[in-house]
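Notes for the one structure printed next.
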Amino acid sequence: MTQVAIGSLSDFPEGTPTRVEADGTALCIVRVGDTVHAICDDCPHAEASLSEGDFLADDMAIECPLHGSAFNLTTGDPDCPPATEAVEVFTVTVDGDSVLVDI
Ligand code: FES
């Protein structure tokens with residue numbers, strides 16, 4: 001596992017999903033306050049880019065833009081079909097203003 005710097009806190013507007021490539025892996029990054037979440041950006045159902053979906057603050061989830069399954073940012077689990085598989089969740093460290101992801 002490698003810790004990869006993906007930017008600074010100010011690169012990630014609060015509640016706005018952002019796609020980042022880190023070490024060859026596409027990530028969907030969502031900042032909530034000073035906490036930053038990272039999940040795999042590829043929806044396991046039909047590979048839509050989750051960073052093009054909406055952040056659902058009440059559920060702490062990202063809604064897939066194609067068919068509406070919402071993936072929890074902490075567990076990666078979808079809330080309903082058609083997606084049935086979880087997305088990978090990555091550990092994020094905020095060090096000062098730097099955001100680092102374990103890939
Ligand atoms: S592509 Fe994401 S739910 Fe279908």
Q | the range 60-103: number of residues that are assigned to a strand (DSSP E or B) and closer than 21 Å to residue 7 by Cβ | A | 12
Q.
Quick test of your reading of the structure: residue 55 fulfils all but one of (1) over 25 Å from residue 9 (Cα atoms); (2) buried (at least 21 other Cβ atoms within 10 Å of the Cβ). Name the failing condition by number.
A. (1)
Q) Could you list, in sequence order, the residues of the range 46-58 that are outside any strand (DSSP E or B) and either hydrophobic (A, V, I, L, M, F, W, C) or more than 16 Å from residue 28 (Cα to Cα) (or both)? A) 46, 48, 50, 57, 58
Q. Hey, among the residues in the range 30-46 that are surrounded by 19 or more Cβ atoms within 10 Å (Cβ to Cβ) and without any contact (Cβ under 8 Å) to a residue 24 or more places away in the chain, which one's farthest from residue 62 (Cα to Cα)?
A. 31
Q | Subset tally (residues that are in contact (Cβ under 8 Å) with a residue 24 or more places away in the chain and either under 17 Å from residue 19 (Cα atoms) or under 13 Å from the mean Cα position of the chain (by Cα) (or both)) for the range 58-76 | A | 6
Q. Considering the range 77-95 alone, what residues qualify as being free of Cβ contacts under 8 Å to residues at least 40 places away in the same chain and surrounded by 17 or more Cβ atoms within 10 Å (Cβ to Cβ)?
A. 78
Q | Identity of the residue in the range 26-48, over 10 Å from the mean Cα position of the chain (by Cα) and not charged (D, E, K, R), that ends up farthest from the ligand (Cβ to nearest atom) | A | 33
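Computed from the coordinates by the stated procedures, all read-outs in this text should not be read as laboratory data. The model shown is predicted, which means the values in this text are computed figures rather than measured ones. Here the Cβ is made from the backbone with ideal geometry for all residues, glycine too, and neighbour counts use every protein chain on show.
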